[in-house]
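A short write-up of the structure that comes next.
The values are calculated or read from the model by the stated rules, or taken from the named source; none is laboratory data. The shown structure was predicted, so the numbers you read here are calculated from the model rather than taken from an experiment. Cβ sites come from the backbone with ideal geometry, for glycine too, and all protein chains shown count toward neighbours. The accessibility values were calculated without ligands, DNA or RNA, using every heavy atom of the protein model including side chains. Shrake-Rupley method; radii C 1.70, N 1.55, O 1.52, S 1.80 Å.
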Amino acid sequence: MTQSRRALITGGAKGLGLAIARRLAREGVTLALLGRDRTALQTASRELDAAYEIADVTQPETLAAAIARLGPCDILVNNAGAATSQPFLKSTPDDWAAMIAVNLTSAFAACHAVLPHMLACGWGRIINISSTAGLKGYAYTASYSAAKHGVIGLTRALAIELAQTGVTVNTVCPGFADTELVQRATQAIAQQTGRSEADAKLALTRYNPQGRLVTPDEVAEAVAFLCRDAASAMTGQSIVVAGGELT
């Protein structure tokens, strides 16, 4: 199992990250959380008896320093991310850079920081949270989709490089999930189109053949499985949690 292991979760105090933290806690994993929201981190830390650090994941040196303060980890969940939506021709180079920084470069920097310990131990689990947008395209999300495709490319390359080290690297790709991120997306759709938020939510749930949003707990279950010793042959994979959206 994963008992006696220590997990670092970026963006671990809210949404998918918090659900993953709670699920790993039930596996007996010791937790370290990283994010920007001090209040949310303090609340999650009290609930889960977790260490935490406040850091901006888009700043690689700051991120590496925060990870060093938290100490070695056996499991890394690169969950921190953000999404924007706008027509491609209204996107700016700054928009592009922001999406790459928070969704892709942060994963690179965190992997870079934790891998020496994992390699020295001969055991490690890296789970990168991507999206179905990393496997297909959605209109008006060019920067976000490109970043999430990059996360999957990073996963596949690292998995091959580390295949004989005891460290596995996988991606979990949720569809639209019932999180604050999706709530903000529905609000943005409503504002941009003049539709109600209920109609905007329906526009997202229609991508899921089950006709619903994925729950954070469903994503967390996939992550928990990939962290186990029994998943040692699972590496370089993109696990889709999306109700049949991609088959």
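Among the numbered criteria (1) in contact with a Pro (Cβ under 7 Å, 6 or more places away or on another chain); (2) not in a helix (DSSP H, G or I), which single criterion is violated by residue 105?
Condition (2) is where residue 105 drops out.
Test residue 127 against the stated conditions and say whether it is in contact (Cβ under 8 Å) with a residue 24 or more places away in the chain and in a helix (DSSP H, G or I).
So residue 127 fails the test.
How many residues are under 19 Å from the mean Cα position of the chain (by Cα) and open to solvent by 50 Å² or more (accessible area, probe 1.4 Å) when one looks only at the range 63-84?
1
Looking only at the range 41-62, count how many residues are surrounded by fewer than 19 Cβ atoms within 10 Å (Cβ to Cβ), of a type in the set (A, V, I, L, M, F, W, C) and under 26 Å from residue 221 (Cβ atoms).
Of the residues in the range 41-62, 1 are surrounded by fewer than 19 Cβ atoms within 10 Å (Cβ to Cβ), of a type in the set (A, V, I, L, M, F, W, C) and under 26 Å from residue 221 (Cβ atoms).
Looking only at the range 89-99, decide whether some residue is open to solvent by less than 20 Å² (accessible area, probe 1.4 Å), assigned to a helix (DSSP H, G or I) and within 30 Å of residue 203 (Cβ to Cβ).
yes
I'd like to check which strands (runs of 3 or more DSSP E) are fully inside the range 3-77 and have at least 2 residues that are free of Cβ contacts under 8 Å to residues at least 60 places away in the same chain.
Answer list for the range 3-77: 30-35, 51-54.
Restricting attention to the range 139-170, which residues are at pLDDT 95 or above, in contact with a Ser or Thr (Cβ under 7 Å, 6 or more places away or on another chain) and within 22 Å of residue 205 (Cα to Cα)?
Across the range 139-170, the qualifying residues are 142, 143, 144, 148.
Taking the residues in the range 207-240 that are small (Gly, Ala, Ser) and open to solvent by less than 70 Å² (accessible area, probe 1.4 Å) as candidates, determine which candidate is farthest from the chain's Cα centre (by Cα).
Looking at the filtered set, the residue picked out is 211.
Looking only at helices (runs of 4 or more DSSP H) that lie completely in the range 135-206, which have at least 1 residues being in contact with a Pro (Cβ under 8 Å, 6 or more places away or on another chain) and open to solvent by less than 70 Å² (accessible area, probe 1.4 Å)?
It comes to none.
Any residue that is touching a strand residue (DSSP E or B) at 6+ places or on another chain (Cβ under 7 Å) and touching a residue at least 12 places away in the same chain (Cβ under 8 Å) - is there at least one of those in the range 181-196?
no
Pull up the range 26-40, narrow it to residues that are under 24 Å from residue 103 (Cβ atoms) and of a type in the set (D, E, K, R), then point me to the one that is surrounded by the fewest Cβ atoms within 10 Å (Cβ to Cβ).
Restricting to residues being under 24 Å from residue 103 (Cβ atoms) and of a type in the set (D, E, K, R), the top hit is 38.
Starting from residues that are among the hydrophobic types (A, V, I, L, M, F, W, C) and open to solvent by 30 Å² or more (accessible area, probe 1.4 Å), keep the ones in the range 103-122 and report whichever is nearest to residue 240 (Cα to Cα).
Among them, the one singled out is 104.
Looking at the range 1-20, which of the residues that are of a type in the set (D, E, K, R) and within 14 Å of residue 34 (Cβ to Cβ) is modelled with the highest pLDDT?
The extreme case among them is 6.
Table: residues versus (1) of a type in the set (Asp, Glu); (2) out of contact with any Gly (no Cβ under 6 Å at 6 or more places or on another chain); (3) closer than 20 Å to residue 169 by Cα.
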| residue | (1), (2), (3) |
| --- | --- |
| 99 | no, yes, no |
| 104 | no, no, yes |
| 112 | no, yes, yes |
| 119 | no, yes, yes |
| 132 | no, no, yes |
| 142 | no, yes, no |
| 154 | no, yes, yes |
